[in-house]
Amino acid sequence: MNADMAEFIRANTVVAQAPLVPEINLQLATEITPLWHLTEERLKGGDLPPPFWAFAWPGGQGLARYVLDHPECVKGKRVMDFAAGCGIAAIAAAKAGASLALADDIDLLAQTSILMNAALNNLDVKIERILDMEKPFTGTDIILLGDVCYQQAMSIGIMRWLGLCVAKGVQAIIADPGRAYAPIDGMKELARYEVSTSRDLEDRDSRTVTVGEWIGLS
């Protein structure tokens, strides 16, 4: 764990719980705008991407809630939280009895945040970077994806990669809060949750999160 990044996270967050998942402790930002501005200042030097890791986004909360409510879906299995952010879904999988909980995120601060959040909950989560999305990742039984379909090109790339993974027998569970580019065809709905949101991050006070298994297009 990077000590400087860990100190940055501690200085700009507090230990709190996401509204839908009070069982899990997380280092979360309470003052959203100052942290975003601070990160933007650092971005000018190419140091940091936006601080997505500092918030429990609706999709991640929905995934975590589903996993904790249905532990049988991950118990004894290898589970990866893709584009994990704060790592809430990976932590939920570890808490629910996954044999291996992995978290993927491109942001080094997010990776540090995930390790810190796992430690807060006395759980073990390992960082796994997916570097080649032209190939299926078979080091897991289940891939969890929360709130990843907010940009068209990114969504297309992720769904193409998921198709490769599903074809190799990997299960894909997606939680989406109504983003524009979320898949509709090929989804088997598993659950729905109403998640409280912040007006600083969203355009409304709550979002309906749909959790579904992506079985691919026939």
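The values are calculated or read from the model by the stated rules, or taken from the named source; none is laboratory data. Everything numeric here is computed off the predicted structure, so don't read it as measured data. No Cβ is skipped: glycine too gets one built from the backbone with ideal geometry, and neighbour counts run over all protein chains shown. Keep in mind that these areas ignore ligands, DNA and RNA; they rest on the heavy atoms of the full protein, side chains included. Shrake-Rupley method; radii C 1.70, N 1.55, O 1.52, S 1.80 Å.
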Scope the range 86-103; condition surrounded by 23 or more Cβ atoms within 10 Å (Cβ to Cβ) and out of contact with any Gly (no Cβ under 6 Å at 6 or more places or on another chain); matching residues: Cys86, Gly87, Ala90, Ile91, Ala92, Ala93, Ala94, Ala98, Ala101, Leu102
Subset of the range 1-49 that is of a type in the set (Gly, Ala, Ser) and either modelled with pLDDT of 65 or more or under 15 Å from Gln61 (Cβ atoms) (or both) - its residue that is surrounded by the most Cβ atoms within 10 Å (Cβ to Cβ): Ala18
Inter-residue pairs, beta-carbon under 8 Å, first assigned to a strand (DSSP E or B) and in the range 190-218, second modelled with pLDDT under 80 and among the acidic types (Asp, Glu), 6+ apart: Ser196/Asp205
Set Leu108, Leu144: member being crowded, with 19+ Cβ neighbours inside 10 Å and under 26 Å from Arg160 (Cα atoms): Leu144
Where Leu123 falls short, out of the listed (1) touching an Asp or Glu at 6+ places or on another chain (Cβ under 6 Å); (2) open to solvent by 30 Å² or more (accessible area, probe 1.4 Å): (1)
Total residues in the range 90-131, condition in a loop (DSSP other than H, G, I, E, B) and in contact (Cβ under 8 Å) with a residue 60 or more places away in the chain: 1
